[in-house]
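Asker: Please find one structure pasted underneath; my questions will follow.
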Amino acid sequence: MGVVTFERKITTSITPARIFKVLVLEADDAIPKILPQVVKSVEILEGDGGPGTIKKTNFAEGSESKFIKTKIEVMDKDNLTHCYSVIGGDQWNDVLEKISYETIVVAAPDGGSIIKTSSKYYPKENYEIIQDQVKAGAQKALEFFKAVEAYLLANPDAFN
């Protein structure tokens, strides 16, 4: 079937610098604090946090997956762009080569942000990606973002 791409735009009243800081620059510490029921911890396996860095995200007890491994491809703080790939995990190694994500945060006219995301799913040979699975994953990602957004709105002094 080949590569499957999913794109989305999310708007928020949170400023671009603040949302990028939480979702990218300080995510390894911020996300386990904000969503401990989802993410237990993030650890760097190789690298210094910039491009080429490989991380392991450990999920909370009861999650469908225990962990994933990611590799940072691009980290552009000036243009609020972040690209990374999921390169391993305990659930999908048999069906996917990788999933690549690109996130770009731009200013919205109202002072908030528009978060543009693109995800590309690369299946292993002889495996067909089911669109409903991609949509279900995208819905989980949106719920994850909405929980982070709610935390930031409820805690205006956090991550400034």
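Asker: What's the extension gain from LYS33 to LYS146 if we count 0.36 nm per residue and subtract their Cα-Cα distance?
Answerer: Working it through step by step, the gained length comes to 39.2 nm.
Asker: Then there is this: Relative to a virtual label point 7 Å from the Cα of MET75 in the Cα→beta-carbon direction, which members of segment 2-35 show backbone nitrogen distances below 12 Å?
Answerer: Correct set: 24-29.
Asker: Quick one: which of LYS71/LYS116; LYS124/LYS146; LYS77/LYS124 span more than 28 angstrom between C-alpha atoms?
Answerer: Pairs exceeding the cut-off: LYS124/LYS146; LYS77/LYS124.
Asker: Long-range amide H contacts for LEU96: which residues qualify at under 5 Å (H placed 1.01 Å from N, peptide plane, sequence gap of 5 or more or a different chain)?
Answerer: The list, which skips near neighbours in sequence, is LYS124.
Asker: Oh, and also: Could you work out which residue, out of ALA136, ALA108, ALA60, moves most in a Gaussian network model of the chain, that is, has the largest mean-square fluctuation with Cα springs under 10 Å?
Answerer: Maximum among the listed residues: ALA136.
Asker: Would you mind counting up the charge near ILE114? Only other residues with Cβ under 11 Å from its Cβ, with Lys and Arg at +1 and Asp and Glu at -1.
Answerer: Spelling it out: positives minus negatives among the neighbours equals +2.
Asker: If you don't mind, there's one more thing I want to ask. When Lys and Arg each count +1 and Asp and Glu each count -1, what net charge do the other residues less than 12 Å away from VAL42, Cβ to Cβ, add up to?
Answerer: Within the 12 Å Cβ shell, the charges total +1.
Asker: Still on this model: Helix 131-154 versus the longest principal axis of the chain: what is the Cα-based angle in degrees, 0 to 90, to the nearest 10?
Answerer: Approximately 20 degrees, to the nearest 10.
Asker: Stretched out fully, how many nm does the piece from GLU64 to ALA154 gain, at 0.36 nm a residue minus the Cα gap?
Answerer: Net length gain for the segment: 29.6 nm.
Asker: Tell me, what is the percent relative contact order of segment 4-154, built from C-alpha pairs under 8 Å that lie six or more residues apart?
Answerer: Taking the mean separation of contacting Cα pairs over the length of segment 4-154, I get 25 percent.
Asker: Calculate the spin-label point distance for ARG8 paired with ALA138, positioning each point 7 Å from the Cα along the beta-carbon direction, and give it in nanometres.
Answerer: In this crude label model, ALA138 to ARG8 measures out at 0.8 nm.
All of the numbers you see were taken from the coordinates with simple rules; none came from a lab. On a predicted model such as this, the values are computed, not experimentally measured, just so you know. Quick reminder, even Gly has a Cβ in these numbers, built from the backbone with ideal geometry, and neighbours come from all protein chains shown.
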